[in-house]
């Protein structure tokens, strides 16, 4: 490609609403243009990156045995009503009606449609396994779209769906996809981690996220620092090594229980400072509620729960929501708290309750002795509290908290560390969640119908370039990995209109590289060197060759990788081979 035939539309300044590096640089490099909130036009330069991402994904998906198809962006609501997601998915699901007042959705994902395909096409176990995938536009009506392509409303995603006859074969299909994803992300040339994850609203139990490591990432990634450990998980899923319970409660208590004045000190941090103790000796009390509803949605009974966490720990809502009876929990109202504990928040504790409730202790709290908690009386706390002596054992002991840096890894091999990541891929084992809801069955070897076992696998095609930029940029602009750069090599002739030898050498090298399959751009715009270099440093093309009259007289050109501080002189006759060697 020659620059004079292409569209290069760089900007000196980013729009005022661009917040993160990827958004700013993609706008400045002319890769995207905003059309509306969270909706962008992919300009020619940006589209080349997206197409390269798609090509890598497509090659590895095909190699793994997946079959490509394309499902409609606009989908009938009836399919979504079969699974209940038409109502459950909430406001992110864009619902529309046609001229006949029939309901449709703009797809955010396609479990319903692909399950409908499978129940029509797959009749026998002999047709299994199958894996269908698409690279298609999606829409999610984000409440607050931001960060450019990182959290837009319209985006391109690769979504795949596997169908198997039993859980074992479904998990084998899952592992094939997990392996294919590792090959895909290795080829992108980005630093990433595959981490155990919670499967969220889609459902299922076996789940991994693929996170591109970047300091601006929204997600916290937990991993074990030991070189022989492969433990990694996101913050929702991660857990620390469980502490050992004391052999007996009688030997752990050392202090007498006493009420102490803590006037105006309502947080664990404030109480610890006032009493001159370690924050780890305090316990915070969180009051939750769950409502039992009748058939028309009226509350018929409310259960109140008291959760106890160490003062320096935070509750993990995902973990709590998975505990028996707490799937639909909410935080208790002030009136409910007063009814059961007789006090306002800030001074709550499990000792001296007004009414009985369910007490759940975090694993770390369950092994504590002589701890400090609220006295259920304003401006007072209790110190020296012990299980067994001062209050009965909790109704349940569970992992309730987010891990923190320095926790012991659950595999026992080292300690946990935390870094930031951007989720760009996710794999799930779904089981029969959708096939059962949509009656997608096949005849098994015994001639009886069975529900298909499913998995689903997504990659954010348009999010990935943004994640790559967050990981790879400097004050000059983007630094693309070779595999997804809009152009791999750019040739920058200096004043070719004045020096025929420069023009001839540039054209000759351009033709040579094209013939050998190199994705090369020849900048034939006759721009000043400073402006030309600034454009390509902003755009982030990884390999640059500068061709000037003075250098040619010495028999050389100048090669510079985007990360190099200075150019290297290479003989004219060797530059093509030099580039090909670098690209390999």
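Can you pull out the strands (runs of 3 or more DSSP E) entirely within segment 85-142 that have at least 3 residues that are buried (at least 20 other Cβ atoms within 10 Å of the Cβ), on the phi < 0 side of the Ramachandran plot and in contact with a strand residue (DSSP E or B) (Cβ under 9 Å, 6 or more places away or on another chain)?
Result: 130-139.
Do you know which residues across segment 157-171 are surrounded by fewer than 20 Cβ atoms within 10 Å (Cβ to Cβ) and either assigned to a strand (DSSP E or B) or without any contact (Cβ under 8 Å) to a residue 24 or more places away in the chain (or both)?
Correct list: 168 only.
What helices (runs of 4 or more DSSP H), lying completely within segment 460-563, carry at least 2 residues that are closer than 20 Å to residue 55 by Cα and touching a strand residue (DSSP E or B) at 6+ places or on another chain (Cβ under 9 Å)?
Filter on segment 460-563 gives 463-471.
Restricting attention to segment 376-383, does a residue exist that is assigned to a loop (DSSP other than H, G, I, E, B), touching a helix residue (DSSP H, G or I) at 6+ places or on another chain (Cβ under 7 Å) and within 23 Å of residue 269 (Cβ to Cβ)?
Scanning segment 376-383, I find at least one residue that is assigned to a loop (DSSP other than H, G, I, E, B), touching a helix residue (DSSP H, G or I) at 6+ places or on another chain (Cβ under 7 Å) and within 23 Å of residue 269 (Cβ to Cβ), so the answer is yes.
Within segment 13-32, how many residues turn out to be farther than 15 Å from residue 485 by Cβ, buried (at least 19 other Cβ atoms within 10 Å of the Cβ) and over 25 Å from the mean Cα position of the chain (by Cα)?
Residues meeting the conditions: 1.
What are the pairs with Cβ atoms under 7 angstrom where one residue, in segment 79-90, is under 14 Å from residue 436 (Cα atoms) and the other, located anywhere, is outside any helix (DSSP H, G or I)? Sequence gap at least six, or different chains.
What qualifies is 80/105; 82/438; 83/438.
Yes/no per residue for (1) surrounded by 20 or more Cβ atoms within 10 Å (Cβ to Cβ); (2) modelled with pLDDT of 95 or more; (3) within 28 Å of residue 20 (Cα to Cα):
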| position | (1), (2), (3) |
| --- | --- |
| 176 | no, yes, no |
| 182 | no, yes, yes |
| 185 | yes, yes, yes |
| 194 | no, no, yes |
| 197 | yes, no, yes |
| 206 | no, no, no |
| 216 | no, no, yes |
| 220 | no, no, yes |
| 227 | no, no, no |
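Only one residue in 18, 55 is out of contact with any strand residue (DSSP E or B) (no Cβ under 8 Å at 6 or more places or on another chain), under 27 Å from residue 6 (Cα atoms) and free of Cβ contacts under 8 Å to residues at least 12 places away in the same chain, so which one is that?
Being out of contact with any strand residue (DSSP E or B) (no Cβ under 8 Å at 6 or more places or on another chain), under 27 Å from residue 6 (Cα atoms) and free of Cβ contacts under 8 Å to residues at least 12 places away in the same chain holds for just one of 18, 55, which is 55.
When residues of segment 342-356 are filtered for being within 21 Å of residue 398 (Cβ to Cβ) and surrounded by 13 or more Cβ atoms within 10 Å (Cβ to Cβ), how many remain?
Going through segment 342-356 one residue at a time, the tally reaches 5.
Within segment 474-509, take every residue that is under 42 Å from the mean Cα position of the chain (by Cα) and without any contact (Cβ under 8 Å) to a residue 24 or more places away in the chain and give me the one that is farthest from residue 12 (Cα to Cα).
For segment 474-509, the residue satisfying everything is 474.
Kindly provide the set of residues from segment 325-347 that are assigned to a helix (DSSP H, G or I), more than 11 Å from residue 287 (Cβ to Cβ) and in contact with a strand residue (DSSP E or B) (Cβ under 6 Å, 6 or more places away or on another chain), ordered by number.
none
Per-residue answers, yes or no, for (1) crowded, with 21+ Cβ neighbours inside 10 Å; (2) assigned to a strand (DSSP E or B); (3) more than 22 Å from the chain's Cα centre (by Cα):
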{"site": "397", "(1), (2), (3)": "no, yes, yes"}
{"site": "412", "(1), (2), (3)": "no, no, yes"}
{"site": "416", "(1), (2), (3)": "yes, yes, no"}
{"site": "425", "(1), (2), (3)": "yes, yes, no"}
{"site": "429", "(1), (2), (3)": "yes, yes, no"}
{"site": "436", "(1), (2), (3)": "no, no, yes"}
{"site": "446", "(1), (2), (3)": "no, no, yes"}
{"site": "450", "(1), (2), (3)": "no, yes, yes"}
{"site": "455", "(1), (2), (3)": "yes, yes, no"}
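Considering only segment 282-323, how many residues are surrounded by fewer than 20 Cβ atoms within 10 Å (Cβ to Cβ), in contact with a strand residue (DSSP E or B) (Cβ under 9 Å, 6 or more places away or on another chain) and touching a residue at least 60 places away in the same chain (Cβ under 8 Å)?
5
The values are calculated or read from the model by the stated rules, or taken from the named source; none is laboratory data. This structure is a prediction, so every number in the text was calculated from the model and none was measured. Here the Cβ is made from the backbone with ideal geometry for all residues, glycine too, and neighbour counts use every protein chain on show.
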